[in-house]
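*Asks:* Mind looking over this structure? Questions follow.
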Amino acid sequence: MPTVLACESLEKLYGATLALGGVDLKVERGELLGLLGPNGAGKSTLTKIACGLVRATGGRAEIEGAPAGSAPARATIGYLAELFRFPEWLTADELITLHQDLAGSDGGGAERAELLELVGLEDARAVKVAAMSKGMQQRLGIAQALVGSPRLLMLDEPTSALDPVGRRVVRDLLRELRSREVAVMLSSHLLSEVELVCDRVAILVGGRIVASGTPAELARPRGVEVETGEGLRSFPEARRDDVPRIVAELVSSGQQVYGVSLLASTLEDAYLEAVGAA
């Protein structure tokens, strides 16, 4: 698939403070990448460089082949910051209209209606920002980030203020964007959400990527657990191929087997191990 975001040996220094120390990262068209890391790891700096809000000290960042921060690159990106503020006196429809004007989008009312429907706010077009819950404002923020049909969407903690229903709406939206071949870089501390929707994960610690891969690749087997008539039996070193032998040996020794579970680490386990090792 064509590369939408490409970072190569990306570095950023704030005085003597290292924010990014040689990051290599790619996001392909239609890919959902989860960017994980503790506070101060460099996630926001990486996002701001890609958006052209911060200039890199070294290396390069390109959006569909255009240097980050250039006019062609900015026209390709939709962005929602973690801490955003919208004019409270505007309605949802007026806010999207404002961002259409800022982005030079000629989508008009049809685009506004589609975007508000995508985020589950089709019945709130006339509601003012001041009257919206934090979760509604969060979804409105995602709608404004999609103005102009960007090919790369950068979201910083987009589900942090949402209830379970709102998170489901966002998950469905991200899957819809994948089907439209929109690339998404999602920065989040909600590992369970990342595990549910992201195709690939990159873990950033101290300005460097310390682990990357699909959630399944980052998870590791943790053995086999068998429920028997005498209680649970654990086989920490066993793998899937060992299950028939284990069950046969237990049955032949006179034990009753009621269930078998393959144990594996979660994305949270992989994240904590990567951060701890770093």
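The values are calculated or read from the model by the stated rules, or taken from the named source; none is laboratory data. As the structure is a prediction and not an experimental result, all values here were calculated from the model. Glycine also receives a Cβ, built like all others from the backbone with ideal geometry; neighbour counts cover every protein chain displayed.
*Asks:* Residues in region 53-60: is at least one touching a Leu at 6+ places or on another chain (Cβ under 7 Å), part of a loop (DSSP other than H, G, I, E, B), touching a residue at least 24 places away in the same chain (Cβ under 8 Å) and of a type in the set (Ser, Thr, Tyr)?
*Replies:* yes
*Asks:* Only one of Gly207, Gly231, Gly254, Gly259 is assigned by TED's automatic domain parsing to the domain that holds Val27 and either without any contact (Cβ under 8 Å) to a residue 40 or more places away in the chain or touching a Gly at 6+ places or on another chain (Cβ under 7 Å) (or both); which?
*Replies:* Gly207
*Asks:* Here's a follow-up. Can you find a residue that is assigned to a strand (DSSP E or B) and more than 19 Å from Arg151 (Cβ to Cβ) anywhere in region 102-111?
*Replies:* No; the residues of region 102-111 include none that is assigned to a strand (DSSP E or B) and more than 19 Å from Arg151 (Cβ to Cβ).
*Asks:* Tell me which residues, restricted to region 121-140, are over 11 Å from Asp93 (Cα atoms) and under 25 Å from the mean Cα position of the chain (by Cα). Write out each step before concluding.
*Replies:* Residues of region 121-140 that are over 11 Å from Asp93 (Cα atoms), as a first pass: 130-139.
Answer for region 121-140, where residues must be over 11 Å from Asp93 (Cα atoms) and under 25 Å from the mean Cα position of the chain (by Cα): Met132, Ser133, Lys134, Gly135, Met136, Gln137, Gln138, Arg139.
*Asks:* Can I ask one more? Considering region 113-140 alone, what residues qualify as being of a type in the set (Gly, Ala, Ser), at pLDDT below 90 and not in a helix (DSSP H, G or I)?
*Replies:* Those that are of a type in the set (Gly, Ala, Ser), at pLDDT below 90 and not in a helix (DSSP H, G or I): Gly120, Ser133.
*Asks:* Could you look through region 1-32, keep only residues that are assigned to a loop (DSSP other than H, G, I, E, B) and aliphatic (A, V, I, L, M), and pick out the one that is farthest from Ala75 (Cα to Cα)?
*Replies:* Ala16
*Asks:* Under the condition of being at pLDDT below 85 and among the small types (Gly, Ala, Ser), which residue from region 202-237 is surrounded by the fewest Cβ atoms within 10 Å (Cβ to Cβ)?
*Replies:* Among residues in region 202-237 that are at pLDDT below 85 and among the small types (Gly, Ala, Ser), the one surrounded by the fewest Cβ atoms within 10 Å (Cβ to Cβ) is Ala216.
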